[in-house]
1. Restricting to region 262-298, name every residue that is among the acidic types (Asp, Glu), modelled with pLDDT of 90 or more and not in a helix (DSSP H, G or I).
2. If a residue must be out of contact with any Pro (no Cβ under 7 Å at 6 or more places or on another chain), touching a residue at least 60 places away in the same chain (Cβ under 8 Å), over 30 Å from Glu98 (Cα atoms) and of a type in the set (Val, Ile, Thr), how many such residues does region 127-176 contain?
3. For region 240-297, how many residues meet the condition of being farther than 19 Å from Ala221 by Cα, β-branched (Val, Ile, Thr) and in contact (Cβ under 8 Å) with a residue 40 or more places away in the chain?
4. When Ile123 is evaluated against the numbered criteria (1) out of contact with any Leu (no Cβ under 6 Å at 6 or more places or on another chain); (2) aliphatic (A, V, I, L, M); (3) surrounded by 15 or more Cβ atoms within 10 Å (Cβ to Cβ), which criterion, by number, is the only one it fails?
5. Taking region 65-91, which residues are at pLDDT 85 or above, of a type in the set (Gly, Ala, Ser) and closer than 17 Å to His42 by Cβ?
6. Within region 46-103, count every residue that is assigned to a helix (DSSP H, G or I), more than 23 Å from the chain's Cα centre (by Cα) and surrounded by fewer than 17 Cβ atoms within 10 Å (Cβ to Cβ).
7. Looking at (1) in a helix (DSSP H, G or I); (2) more than 35 Å from the chain's Cα centre (by Cα); (3) assigned by TED's automatic domain parsing to the domain that holds Ser35, which is the one condition that is false for Asn187?
Amino acid sequence: MSASGGTKAIVAALAANLAIAVAKFVAFLFSGSSSMLAESVHSLADSGNQGLLLIGGKKAQREATPQHPFGYGRERYIYAFLVSIVLFSVGGMFAIYEGYEKIKHPHEIEAWYWPVGVLVFAIIAECFSFRTAIAESNAIRGKLSWTQFVRRSKAPELPVVLLEDLGALVGLILALAGVGLALGTGNGVWDGIGTLCIGILLIVIAIVLAAETKSLLLGEAAGVEDVEKIQASLVDGDTVTRIIHMRTLHLGPEELLVAAKIAVRAEESAAEVAEAIDAAENRIREAVPIARVIYLEPDIYDESAAAAGTDPGKVPGGPVSPDGAPAGSSH
C-alpha cells in the first residue's frame, strides 16, 4: 500500500466521521435517542482512530537510530492495534452500556425527524468514505478476495478503514431500524436493542482488528509471491548454487528483511563470492523493491552431511513455507 493511498482513505474517513459525530450528537440532544448517543460516540471514536492512524504513519517515517537500527516502520502496526482497543472500549462497551440502560429504562423518542434525518445523512457520508476505501484497496488487492486482503495485507491502514466503515454502515442501519421500530410501536425498548446490537457489532470488529494487527506486531514473513521472487533472484546457477535456508520478516509495511544462507562453489575465491553476493542483493532489490535489509551468508553445501542430518543448517532445497524456509526445517 502506498502511503498516499492509505492517507487518502484515512482523511476521507476522518472528514466523514467528524461531520457525522456532530450531526448525531445534535440529534441526540433534540430527540433523546440512545441509538443517536451511541452512534455519536462511535463516530467520535472512529475520528480518533483515524487520527491515530495518521500519527502512526507520520512516526513510522522517522530515520533509523542506533537504538532502533531497523527504523520505526512498526509504529504503523502499534497505532493500528491501539485503534482496535479504542473501538472495543470507547465504541463497543459504551454502546452496550447505553443499550442496557435504555432497555432497562425506556422512554419515548422525541422530535423523531432529527434522528431519522441525521441517520440518512450519515449513511450517505459513510458511503462516500467506504467508496474511497474500496477504490484505494482495489488498486492494490489484485485477485485477492476481501477476506484474504484483510488477512494478508501488511499495511494495516486500509483494512482498518474498510472494517470501520463497514461497521459504521451496518451500525447506522441498526440504529435506523431501532429508531424506526421505537417510533412505530411507541416502545423505546427497540431503540435500546438497536444500541445493544451496535455495541456487539463494534466489539466483533475490534476483536478481528486486534487479531490481525497482533500478528503483524509479532512479525510476519513476506508473502508467498515475494518469497518466490527472492528465491529465484538469489540463485544464479554459477557462483550461488542453491539456498540452504532463508528467512524473511516485515520490519514495516513497506520494508522487508531478508536473511539467507546460500551455497557457493568451493573453488570460488573470496573476491568472487563477495561479488556474487553483491549481485544477488541487487537482483533481490530489483525483484522485490521493499527488500531493503538483506543479509546473505555464504557456505559450502555438503549433500552427504545434509542427507545424514549432521548439519541441520545445510538442508537441500525443496518445498518452502511462506517465510522461505524448506518444509520440515527446524530453522
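1. Across region 262-298, the qualifying residue is only Glu297.
2. Result for region 127-176: 2.
3. Looking only at that region, the number is 2.
4. Every condition holds for Ile123 apart from (1).
5. If the condition is that a residue be at pLDDT 85 or above, of a type in the set (Gly, Ala, Ser) and closer than 17 Å to His42 by Cβ, then Ser84 is the only one that fits.
6. So the first thing to find is which residues in region 46-103 are assigned to a helix (DSSP H, G or I), and the list is 46-59, 75-103.
After this cut, where a residue has to be more than 23 Å from the chain's Cα centre (by Cα) as well, the list is 94-103.
Imposing the further condition that a residue be surrounded by fewer than 17 Cβ atoms within 10 Å (Cβ to Cβ) reduces the set to 97, 100-101.
The qualifying residues number 3.
7. Among (1) in a helix (DSSP H, G or I); (2) more than 35 Å from the chain's Cα centre (by Cα); (3) assigned by TED's automatic domain parsing to the domain that holds Ser35, Asn187 violates only (1).
One line per residue, one yes/no per condition, for (1) within 26 Å of Lys59 (Cβ to Cβ); (2) in contact with an Asp or Glu (Cβ under 6 Å, 6 or more places away or on another chain); (3) assigned to a strand (DSSP E or B); (4) among the small types (Gly, Ala, Ser):
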| position | (1), (2), (3), (4) |
| --- | --- |
| Gln231 | no, no, no, no |
| Arg242 | no, no, yes, no |
| Leu251 | yes, no, yes, no |
| Leu256 | yes, no, yes, no |
| Ala260 | no, no, yes, yes |
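The values are calculated or read from the model by the stated rules, or taken from the named source; none is laboratory data. It should be emphasised that the depicted structure is a prediction, and the values quoted were computed from it without experimental measurement. Virtual Cβ from ideal backbone geometry, glycine too; neighbours counted across all protein chains shown.
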